[in-house]
Amino acid sequence: MHIVDGALSTQVLVVGAAVSCLGLALGLRRMPLDKIPVTGMLAATFFVASLIHVPLGPSSLHLIMNGVAGLLLGWAAVPALFIGLLLQAVFFGYGGITVLGINTVNVALPAVAVFYLVRPFIIGARASQGLFWGAVGGGLAVALTTLMVAASLWVSGDEFIPTAKLVLISHIPVVIIEALLSGATVYLVCKVKPELFMGRG
Amino acid sequence: MLIRLSQLLVLLLLIVSSAAWAHKVIFDVYQSGSVIEGELGFSNGDMAVAQRISVTDGAGVEIDQVYTDEEGFFVYTPATQDHLNFEVDLGAGHVAEATINWVPKSAEVVTLKGAENTEIAKLYKPSTVAAAEQASVVSEVQKLSAQVRQMRRELRAYKEKNDLQSVLGGIGYILGLVGLGYYLAARRKLRGD
């Protein structure tokens, strides 16, 4: 899911950097004192989860966990995911510095979308309903990220449909795993600390 | 019951998926005598098989192409002396490129100018070297080349290894940033009060 340096056109990189800066500013403004520990925890979760890969045939895929970040943080997911991507680029060379902006947009905007589309169904819901909507949010965030990655490559010259098919089909196992993981996480949060879903995000 | 199941599921998925680590494209090109050798693969040790590699000149014009073998290895013999760029696109945003300044190694031909009459020159004249000895030297060089290639792979795998210290270091940075965020938020709150 990390697009590497040199794969995208300059225009895409500039637009990605600008949008991610706006998202960062909005995310930092909407991060109250009590949300900082959750933001840090989810940044660490994303940082580690993206390093873990799921073997699939001759290749392998990694978890993203942006769905859970979006459901819990809203716009504050942008700085959380940005920090995770930055540390991965610096420590392990995944992605890169020039593509940091567009990678942040591709991972964080679906998280924010899930916040607005799915979280209303979780607030005040029973834990079993939270399990379902958490799974929907987790799977949807990854699916949207794959489409945005394909769109980024398409704008940079690749053909959209074949690229989108390749990225989306290869990430179907990740969508399923993340849906399960997000559903279980949201179920737990609904049971033990449902107030984490409160706030404007 | 469902809480325990969900806890178990989270734990199980994390354990199962921690069996291995994520990867990135690894692309190495180096001069080896009179040819250019290279390897293409991933940081988890998998090699890219039958992958097309585009060769461009200094102006960015594609002049040739080469394919990796079943070990992700390729050999390319340049036609001219130039600044060569090797580009590969493995799809889905996985691209890599490597550049090499190709200089034919003509210096490898040993010349002993001014030393024709010495004993050393006589010793190194090609005619004095037996064919069997030459074959033996070629065989030794090939073995050495294979060993160097293997060492390159091991060195690269070592460089790409994500050790626990780096992961913990990254988490440490995040904790530090959380602390900084707390400090700034507290200062903002105190000003507001």
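Percent of accessible area on segment A:45-201 owned by carbon and sulfur, 1.4 Å probe?
The computed percentage sits at 75.
Once label points are set 7 Å from the Cα along Cα→Cβ at both B:LEU180 and B:ASP28, what is their separation, rounded to one decimal in nm?
3.5
Size of the dipole of segment B:23-107 about the Cα centre, Lys and Arg at +1 and Asp and Glu at -1 on the beta carbon, nothing else charged, in debye to 20?
That gives a dipole near 160 debye.
Can you tell me which of A:PHE121, A:PHE82, A:PHE46 moves the most in a GNM of chain A? Springs connect C-alpha atoms under 10 Å apart.
For chain A, modelled as a Gaussian network with Cα springs under 10 Å, the answer is A:PHE121.
Among the listed pairs A:LYS35/B:LYS189; A:LYS35/A:LYS193; B:LYS24/B:LYS143; A:LYS35/B:LYS24; A:LYS35/B:LYS161; A:LYS35/A:LYS191, which are separated by more than 23 Å between their Cα atoms?
From A:LYS35/B:LYS189; A:LYS35/A:LYS193; B:LYS24/B:LYS143; A:LYS35/B:LYS24; A:LYS35/B:LYS161; A:LYS35/A:LYS191, over 23 Å: B:LYS24/B:LYS143; A:LYS35/B:LYS24; A:LYS35/B:LYS161.
Hey, could you get me the Stokes-Einstein D for segment B:130-182, Kirkwood radius over alpha-carbon pairs, 20 °C and 1.002 mPa s, rounded to whole µm² s⁻¹?
Calculated translational D: 142 µm²/s.
Counting only other chains, what is the mean number of Cβ atoms within 10 angstrom of the Cβ of each residue in peptide B:168-178?
The shielding value for this peptide is 6.
Mind pulling up the Rg/Rh value for segment A:97-189? Radius of gyration and Kirkwood radius, both on Cα.
With Rg and the Kirkwood Rh in hand, the quotient comes to 1.05.
Kindly provide the Kirkwood hydrodynamic radius of chain A in Å, to one decimal, from all pairs of distinct alpha carbon atoms.
16.7
Using each residue's phi in segment A:166-177, evaluate 6.51 cos²θ - 1.76 cosθ + 1.60 at θ = phi - 60° and report the 3J(HN,Hα) Karplus result to the nearest Hz, with x for Gly and Pro.
3J(HN,Hα) across segment A:166-177, in whole Hz: 4, 5, 5, 5, 5, 9, 4, x, 5, 4, 5, 4.
For chain A, what's the relative contact order in percent, using C-alpha pairs closer than 8 Å and at least 6 residues apart?
Contact order relative to length: 27 percent.
How fast does segment B:23-107 diffuse by Stokes-Einstein, in µm²/s, taking the Kirkwood radius from C-alpha pairs at 37 °C and 0.692 mPa s?
252
Need one number: buried accessible surface between chains B and A, 1.4 Å probe, both sides summed, DNA, RNA and ligands left out, in Å² to 100.
The summed interface area works out to 3400 Å².
On each of the three principal axes of the Cα atoms of segment A:54-153, give max minus min coordinate, whole Å, ordered largest first.
The Cα atoms of segment A:54-153 stretch 42, 33, 25 Å along the principal axes, largest first.
Could you size up the charge dipole of chain A around its Cα centre, putting +1 on the beta carbon of Lys and Arg and -1 on that of Asp and Glu, and report it in debye to the nearest 20?
620
The values are calculated or read from the model by the stated rules, or taken from the named source; none is laboratory data. This one's a predicted model, so the numbers in the text were calculated from it and none came from an experiment. Please note: Cβ atoms are built from the backbone with ideal geometry, for glycine as well, and neighbour counts cover all protein chains shown. These area figures cover heavy atoms from the full protein model, side chains too; ligands, DNA and RNA do not enter into them. Shrake-Rupley method; radii C 1.70, N 1.55, O 1.52, S 1.80 Å.
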